[in-house]
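Read through the structure below, which is laid out as C-alpha cells, and then see the notes.
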Amino acid sequence: MRSLGRKSIQASLQPRDLMAEKRLKGVWTAQVVTLFPEAFPGTLGLSLTGRALKDGLWQLETVPLREFGDGKHRNVDDTPAGGGAGMVLRPDVMASALDAAQSRLPGAPLLYLSPRGKPFTQARARALAEGPGMTLICGRFEGLDQRVIDAYEVEEVSLGDFVLTGGEIAAQALIDASVRLIPRVLGNQESVEEESFSHGLLEHPQYTKPAVWNGRAIPEILLSGHHAKITDWQRVQAERLTKERRPDLWRAYLRAQNRDPDEDQEL
Ligand code: SAH
C-alpha cells in the first residue's frame, strides 16, 4: 500500500493559518465545524480508521467555531428570539466558519448533525464515501439559527430519535461509517458486503472459538465445512432477525424482491 504521508489533524488557532495549512490533494476529506476541536479525532484516531488516517487514505480537519466568534470574548451564541431556555448559535459567526470551510472543500456536501434531520443510513454512508468528502456542522446548546441553515442549503442529518448534548459524537459516527467504506480502509473488503444493511437485512449471528462455551455449542452447520449450506443458514438467520426486530426493513426487503409484504401472515 502506498503511503501518502502522515497528516496532522491539529486545529490551527487562526482561520488564516487554517487556510494556509497543507492538505493532501484528491484525498477524501472530512471537515468538522465545532466548538470543541479537541474532541477530534477521538475514536477516529484508533484502529482501522486511525491507521487509514495516518496512511493518508482520508484526512480530517477541524474548523474551530470559536475562532470566528465576535468581539474580545469571541461570542458564538445568543439567547433565543421569542424567549425560552438555552442559547442559539449565531448565523453570522457560523456563516464565517462555513465560508472558510467551503473555500477549502468546494462542492462537498454540507451537513448539520441534528435530531430534526433525516435519519442517517448505510446507503447515505456509501454515497458519502464515494464523493470528495463532507463538511459537518456540530451544534451545541439549542442548535443553529435557522437562517444560516436556509442560506447555505444545509442538509440536516440525524443519528436517531434521541437528543445528544452536541454534534461531535454524531459527527464521529457519520465519519466512521463513511470512512470504513473507502477502499483499502478495512483490510477485508468482503466484510462490508456481508454486514448489516448491505442487502437490506440485519446480519446473521456470529460465533468463534471455543466450540463449546458454558455448555453452549456453536451451531453445528457452521463447523460442517459445507459452504453452500452455511450461506443458506446465514441467510435464513438474517431474514429471521430482520423480520423479528425490524419489520420496516423486512417489508422493504420483500418489496425489493417483488414479494408482497401484505401476504406475509407473520407481519
Ligand atoms: N434543541 C434541539 C437539540 C439541540 S441538541 C432540538 O430539540 O432539536 C445540541 C446539538 O446536538 C444539536 O445542535 C446537534 O448538533 C446535536 N445532536 C443532538 N441530537 C442529535 C441527533 N440525534 N443526531 C445528530 N445530532 C444531534
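A 26 angstrom limit on the alpha carbon distance is what I want to check against. Which of 25/54; 22/54; 54/118 exceed it?
Numbers: 25/54 15 Å; 22/54 15 Å; 54/118 32 Å.
Exceeds cut-off: 54/118.
Give a residue-ordered list of calculated ³J(HN,Hα) values for the stretch 77-90 (Karplus: 6.51 cos²θ - 1.76 cosθ + 1.60, θ = phi - 60°; whole Hz; x for Gly, Pro).
9, 7, 5, x, 4, x, x, x, 7, x, 10, 10, 5, 6
To check you understand DSSP bridge types, tell me what percent of the beta bridges within the chain (both residues inside) are antiparallel, rounded to 5.
On the way: 5 of 25 bridges.
Around 20 percent antiparallel, to the nearest 5.
Relative contact order for the chain: what percent, with Cα pairs under 8 Å and sequence separation of 6 or more?
Numbers: 389 pairs, mean separation 44.2, N = 267.
Reported relative contact order: 17 percent.
List the chymotrypsin sites (Phe, Trp or Tyr not before Pro) within the stretch 194-250 that fall in a DSSP loop (any state other than H, G, I, E or B) and whose Cβ has at most 14 other Cβ atoms within 10 Å. Mind dumping the intermediate values first?
Numbers: sites: 197, 207, 213, 233, 250; in loops: 197, 207.
When the chymotrypsin sites (Phe, Trp or Tyr not before Pro) of the stretch 194-250 are filtered for loop state and at most 14 Cβ neighbours within 10 Å, 207 remain.
Just the number, please: carbon plus sulfur as a percent of the accessible area of the stretch 29-180, 1.4 Å probe, no ligands or DNA/RNA counted. Walk me through the numbers on the way to the answer.
On the way: 3590 of 6830 Å².
Reported share for carbon and sulfur atoms: 53 percent.
Whole-Hz Karplus ³J(HN,Hα) for the stretch 217-227, in order, using 6.51 cos²θ - 1.76 cosθ + 1.60 and θ = phi - 60°, x for Gly and Pro?
Per residue, the Karplus-derived 3J(HN,Hα) values read 9, 5, x, 3, 4, 5, 9, 6, x, 8, 4 Hz.
If you place +1 on the Cβ of every Lys and Arg and -1 on the Cβ of every Asp and Glu, how big does the dipole about the Cα centre of the chain come out, in debye to the nearest 20?
Details: 33 positive and 36 negative charges, 215 e Å.
So the dipole magnitude of the chain works out to roughly 1040 debye.
Nearest-5 percent of antiparallel DSSP beta bridges in the stretch 29-180? Can you show the working numbers first?
Values: 3 of 23 bridges.
Within the stretch 29-180, antiparallel bridges account for around 15 percent of the total.
What size of dipole, in debye to the nearest 20, comes out for the stretch 42-104 about its Cα centre when the only charges are +1 on Lys and Arg C-beta atoms and -1 on Asp and Glu C-beta atoms?
Numbers: 7 positive and 8 negative charges, 49 e Å.
It comes to approximately 240 debye.
For the stretch 113-267, build the convex hull from the C-alpha positions and give me its volume per residue in Å³.
Numbers: hull volume 29.2 nm³, N = 155.
Once divided by residue count, the hull of the stretch 113-267 is 189 Å³.
Taking the highest mean first, how do the peptides 93-100, 187-194, 114-121 order by number of other beta carbon atoms within 10 angstrom per residue?
Details: 93-100: 20.1, 187-194: 10.9, 114-121: 14.8.
Going from most to least packed, we get 93-100, 114-121, 187-194.
Identify, among 234, 204, 219, the residue whose Cα sits farthest towards the positive end of the charge dipole of the stretch 195-240, taking +1 on the Cβ of Lys and Arg and -1 on the Cβ of Asp and Glu, with the dipole about the Cα centre.
219
Hey, what's the chain come to in accessible area per residue, 1.4 Å probe, Å²?
Working: 15520 Å² over 267 residues.
So the chain comes to 58 Å² accessible per residue, rounded to a whole number.
State whether the chain is rounded, prolate or oblate according to the following rule on the C-alpha gyration tensor (a ≥ b ≥ c being the square roots of its eigenvalues): a/c under 1.5 gives rounded; otherwise a/b larger than b/c gives prolate, and the remaining case gives oblate.
Values: a/c = 2.51, a/b = 1.68, b/c = 1.49.
Prolate is the answer for the chain, as a/c is 1.5 or above and a/b outweighs b/c.
Taking only Cα atoms, what is the 0 to 90° angle, nearest 10, from helix 247-256's long axis to the longest principal axis of the chain?
Around 80 degrees separate the two axes.
Pop the C-beta distance of residue 189 and residue 102 into the FRET formula with R0 = 30 Å and round what comes out to the nearest 0.05. Could you put the intermediate results ahead of the total?
Details: r = 32 Å, r/R0 = 1.06.
The value I calculate is 0.40.
As an exercise, use a Förster radius of 30 Å and the Cβ-Cβ distance of residue 227 and residue 248 to find the FRET efficiency, rounded to the nearest 0.05. Intermediate values should be presented prior to the final figure.
On the way: r = 31 Å, r/R0 = 1.05.
It comes to 0.45.
How much net charge surrounds residue 153 when only the other residues with a Cβ under 15 Å from the Cβ of residue 153 are counted, with Lys and Arg +1 and Asp and Glu -1? Spell out each step's value before the answer.
Working: positive: 118, 147; negative: 99, 145, 150, 155, 156.
In short, -3.
Is there a quick way to get the dipole size of the stretch 172-267? I mean about its Cα centre, with the Cβ of Lys and Arg at +1 and of Asp and Glu at -1; what is the value in debye to the nearest 20?
Approximately 320 debye in magnitude.
Cα axis of helix 91-104 to longest principal axis of the chain: angle in degrees, 0 to 90, nearest 10?
70
So what is the 222 nm mean residue ellipticity for the chain from helices alone, if each DSSP H run of at least 4 adds -39500 (n - 2.57) and you divide by all residues, rounding to the nearest 500 deg cm²/dmol? It would help to have the intermediate numbers written out before the result.
On the way: 9 runs with 89 residues, N = 267.
Helix contribution divided over all residues of the chain: -9500 deg cm²/dmol.
The values are calculated or read from the model by the stated rules, or taken from the named source; none is laboratory data. Keep in mind that this is a model prediction, so the values were computed, not measured. Neighbour counts are summed over all protein chains in view; Cβ atoms, including those assigned to glycine, are modelled from backbone coordinates with ideal geometry. Surface areas here come from the heavy atoms of the whole protein model, side chains and all, with no ligands, DNA or RNA. Shrake-Rupley method; radii C 1.70, N 1.55, O 1.52, S 1.80 Å.
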